[in-house]
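The values are calculated or read from the model by the stated rules, or taken from the named source; none is laboratory data. Given the structure is predicted, the values throughout are model-derived calculations rather than measurements. Methodologically, a virtual Cβ is constructed for each residue, glycine included, from the backbone with ideal geometry; neighbour enumeration extends over all protein chains shown. When the accessible area is computed, the model is the full protein with side chains, heavy atoms only, and any ligands, DNA or RNA have been set aside. Shrake-Rupley method; radii C 1.70, N 1.55, O 1.52, S 1.80 Å.
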Amino acid sequence: MDLKRLELARLYNRFGFGPRPGEFTQALKAGVAATKQSFLNPPLIDSGAVALPAVTDLGKRPEPNTPEIIIFARQLRSQNENIELWWLDQMVATNKPLQEKMVWFWHGHWATSIGKVNYAMPMLKQNETFRKYATGNFNEFAKAMFMDGAMQIWLDGGENTLKAPNENFSREMMELFVLGVNRYTETDVKELARAFTGYQVSRSSGVVVYNEKRRDMKSVTILGKSAVMSPDDAIAHLVSQPNCARFIAERIWYRFVSSQQPLPANHQMISAFAGREIAPVLSTLINGTDLVNPQYEIVKSPVEWFIGVCRALSLTPSKLDSFNKLHGYLEKLSQVPFSPPNVGGWPTDEAWLSSASAQFRIAFATWLVNQADLSTIEAQVPASRAAYLADLLAVVEWSPRTAFALREVRDVVPRLVILAICSPEYVVSA
Amino acid sequence: MNEIPTMSAEQLGMSKYTRRQFLKFSGAATAATAASVLSMNDIAEAAITRPLPLGTPILVVVSLYGGNDGLNTVIPYQDTAYYSARPTLNYKPETLLPLTDGLALNASMTGIKSLWDVQKVAIVRGVGYPKPDRSHFSSMAIWQTGSPQTHLSTGWLGRWLDNQAVDPMMAISLGSVLPPLLAGAKQSGSALPLGGLAIPAGAIGKACLRLSAASQRDSKLSAAAATSMRNLFSVSGSVTPVLAQPAPLADDLPTVAGGNAGGDSNLTQQLNIVAKLIAAGAPTKVWSVSLGGFDTHANEANAQAALLGTVSSSISKFLSQMKASGRSKDITVMVYSEFGRRVKANGSDGTDHGTSGPMFLIGDRVQGGMYGDQPSLTKLIDGDLAVTTDFRDVYSSVIENVLQTPAEKVLGNWSGRVKAFKSA
């Protein structure tokens, strides 16, 4: 295996959403070190940034069978569509691929679904928080996520009161967000729930307010420390645990390197997180040797696959015909932005490789390729089209099986492209 | 990129490959295996031409995601402790469906109550495992892998699959993501989305078939990607005609507060398709369906009742559909959730994550009645119900009585059993 191609392909496919036309060839010339630098030190401003969609506070849902409910339902649907398309467009258009990939990573980490939140406004605000802290300070990030309206709605924060503590948010804060499962006791969950009491959220705007009457003012004991703790104090205490560094390194490993093999003990990412800054963890990983280790393969999730195709074929999600079809394909492949299946985020690897998803991927690919301008591929002589596609798509190498399958259809360019993007070599990031 | 395509079909792995080779290149278990020679065509043909013989037992697993509140499913309605633990989240006795032993079903479960009345429902009480884990993900993983102590990457039915001939039709899960339950080391179940699979037709179909051939150069995941596409052809070849009719619309999507812990939301539709496929003779011995939304931390009563009503009505409808097919005697339905919920309500009229809960076994082969001890409401362990039956007791009995396989092959040396099946 060509290790230079492997490392560059992983940079583009995992730490971004795949190359645009010409980028991979350019990177091969520029070399691995220079390409890593371009990922780690992007321009300050994202010149590709797509303007935020207009989202307004729609207020309470009107009563059923009133004229207001029809207008309300229409606005709600349109806002939900708009934020989905906006983010998909943003992923395709970004010139800061690592930043955008981290926003996507955090969405799967603090997995919150519009299915329960309902309103676009809190979901969009949460996405802006992901952007603000994507490679920033994790302690500040976790505190901001406690005050996040969508998260408070999602995990019943408003139901957690002095009289009746609700453990949903406190458990997930430790298990899924900061420490990892079994790195705390059941008593810690109950105590943290008390420290989290007293907050209420407006469902439509996502504004979180403090209500002293609902607050448990007594001292709590969390992971061996007893004190009267505000949510910020409690979160800072969790984040300062050594297990937090291990956990965040594990999650980054799981999504960027391998979900099959565990994070090696004492991996350098853990010590790179000593100051709880996210950026050094990423540069440690990218500058380390894991990216040239061929055993760490990973399956692209459906959104990653789709965005990669759009970037390679210069497609814009909001210009595809139509939103409903696009949304339908993503739904069938079981991955729609803003709608993770549960608070644990999306599955990985083999879960995306069912016979059902193979079918939908072929149909989706056909639909996309039929809307793409393939003239640059058609301009290649048939014998060099497979090699051209490997560079266009950042595929390390075609297996003899796929090379044969591509060769059989190389004169029919749309079919050739459909095959290339449905091939095991593209679906899997080697 | 620089390799020259080898044109030999055999080298490409297109016409045949041995199971040993497959295992070697998929990185799966390396245990000695039978050297049976397989090909894509064999599998597709077997699926179409070898319908499951009448009289072959079939298992339908219903997974309830989110942690079903067992105490409001099989309700200890004559126990005063129930009312004091849940002062505003209890049911009036006269609204419930009484069973035996001071227990009653949730009022929404009329379908299952009718089946109970004809002795087709076994309720196994207090089911769980040692040191209950209250995380949805860990606990569901424990239930699905069947392994409380050590982390396994195979599901309990996946290990059963590992002991069966390779056949993508052997175990099928409804929905497009395969649950870990059906993941085996040598073969996994297939996923079937609602609405069925369609084979890509014409030239693109032919091209995809080439693309999905096994290659000796495939890594583990590339091989899995190729296999998933290859199975599309064999699975869809036999099920598409059955599903030519448009799938029924999901008519049972309950509006749920708090459903965020996995599972599909259209159980009736899933079971409709399973019923059609079983009636058509699909060579499938295990089906997996699911319903999510049981994570009722707040305002539980209506949401859970709607969900339990769906579970109950879809199962009773499914079994009545099976009568016409002549296969109703073959079917056993098993219902479980990853944990029960805390005994004491949490004050948002919901319940937090708890421990044990009831399991249901339903069908003609089941000896109806209560099994296992009802956990006490007064002798709680840290506020939670005791586990009185290990789920491996139930799994072992299902593996032996329904799947007719020695339980040892799936669960190792496990001695507990639940004698809830009629003797053959």
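For the reader, a short list of remarks on this structure follows.
- Test: residue in region B:382-391 that is within 14 Å of chain A (Cβ to nearest Cβ), under 17 Å from B:TYR82 (Cβ atoms) and open to solvent by less than 30 Å² (accessible area, probe 1.4 Å): yes
- Yes/no for A:THR135 being open to solvent by 10 Å² or more (accessible area, probe 1.4 Å) and polar (S, T, N, Q): yes
- Every condition in (1) open to solvent by less than 10 Å² (accessible area, probe 1.4 Å); (2) more than 7 Å from chain B (Cβ to nearest Cβ); (3) under 19 Å from A:LEU3 (Cα atoms) holds for A:ALA390 except the one numbered (2).
- Single residue of region B:67-106 satisfying the filter (part of a helix (DSSP H, G or I) and of a type in the set (Val, Ile, Thr)) that is least open to solvent (accessible area, probe 1.4 Å): B:THR95
- Restricting attention to region B:363-385, the residues that are in a loop (DSSP other than H, G, I, E, B) and either of a type outside the set (S, T, N, Q) or touching a Lys or Arg at 6+ places or on another chain (Cβ under 6 Å) (or both) total 14.
- Residue ID - farthest from the other protein chains (Cβ to nearest Cβ), chosen from residues in region A:349-385 that are under 24 Å from A:ARG10 (Cα atoms) and either open to solvent by 30 Å² or more (accessible area, probe 1.4 Å) or in contact with a His (Cβ under 6 Å, 6 or more places away or on another chain) (or both): A:SER384
Yes/no per residue for (1) part of a loop (DSSP other than H, G, I, E, B); (2) touching a residue at least 60 places away in the same chain (Cβ under 8 Å):
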site: B:MET334; (1), (2): no, yes
site: B:LEU361; (1), (2): no, yes
site: B:VAL387; (1), (2): yes, yes
site: B:PRO406; (1), (2): yes, no
site: B:ASN413; (1), (2): yes, no
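- Test for B:LYS317: is it open to solvent by 30 Å² or more (accessible area, probe 1.4 Å), more than 27 Å from B:GLN144 (Cβ to Cβ), in contact (Cβ under 8 Å) with a residue 24 or more places away in the chain and not in a loop (DSSP other than H, G, I, E, B): no
- Search result, residues across region A:199-248 that are among the charged types (D, E, K, R) and open to solvent by less than 60 Å² (accessible area, probe 1.4 Å): A:ARG215, A:ASP216
- The residues in region A:87-134 that are more than 11 Å from A:ALA150 (Cβ to Cβ) and of a type in the set (S, T, N, Q) can be counted, and the count is 4.
- Extreme residue, nearest to A:GLU140 (Cα to Cα), among residues of region A:298-316 that are assigned to a loop (DSSP other than H, G, I, E, B) and open to solvent by 20 Å² or more (accessible area, probe 1.4 Å): A:THR316
- Unique match (being over 20 Å from the mean Cα position of the chain (by Cα), at pLDDT 90 or above, of a type in the set (Phe, Trp, Tyr) and crowded, with 21+ Cβ neighbours inside 10 Å) among B:TRP143, B:TRP116, B:TRP156, B:TRP160: B:TRP116
- Scan region A:174-188 for residues that are assigned to a helix (DSSP H, G or I) and either open to solvent by less than 20 Å² (accessible area, probe 1.4 Å) or without any contact (Cβ under 8 Å) to a residue 60 or more places away in the chain (or both) and the total you get is 7.
- The set of residues in region B:146-178 that are within 9 Å of another protein chain (Cβ to nearest Cβ) and assigned to a loop (DSSP other than H, G, I, E, B) comprises B:SER153, B:PRO168, B:GLY175, B:SER176, B:VAL177, B:LEU178.
- Number of the exception - A:PRO264 against (1) under 19 Å from B:LYS220 (Cα atoms); (2) in a loop (DSSP other than H, G, I, E, B): (1)
- Test for B:LEU54: is it open to solvent by 60 Å² or more (accessible area, probe 1.4 Å) and at pLDDT below 90: yes
- Restricting region A:20-64 to residues that are basic (Lys, Arg) and free of Cβ contacts under 8 Å to residues at least 24 places away in the same chain, the residue that is farthest from A:LEU85 (Cα to Cα) is A:LYS29.
- Residue within region A:330-343 that is surrounded by fewer than 20 Cβ atoms within 10 Å (Cβ to Cβ) and under 21 Å from A:VAL369 (Cβ atoms) present: yes
- Residue list for region B:92-112, restricted to those being of a type outside the set (S, T, N, Q) and touching a residue at least 24 places away in the same chain (Cβ under 8 Å): B:LEU99, B:ASP101, B:GLY102, B:LEU103, B:ALA104, B:LEU105, B:ALA107, B:MET109, B:GLY111, B:ILE112
- If you go through region A:273-292 and keep only what is buried (at least 16 other Cβ atoms within 10 Å of the Cβ) and of a type in the set (S, T, N, Q), you end up with A:SER283, A:THR284.
- Region A:399-417: number of residues that are closer than 15 Å to A:ILE377 by Cβ and either open to solvent by less than 10 Å² (accessible area, probe 1.4 Å) or in contact with a Lys or Arg (Cβ under 6 Å, 6 or more places away or on another chain) (or both): 6
- Test set (1) more than 12 Å from chain A (Cβ to nearest Cβ); (2) free of Cβ contacts under 8 Å to residues at least 24 places away in the same chain - B:GLY347 fails condition number: (1)
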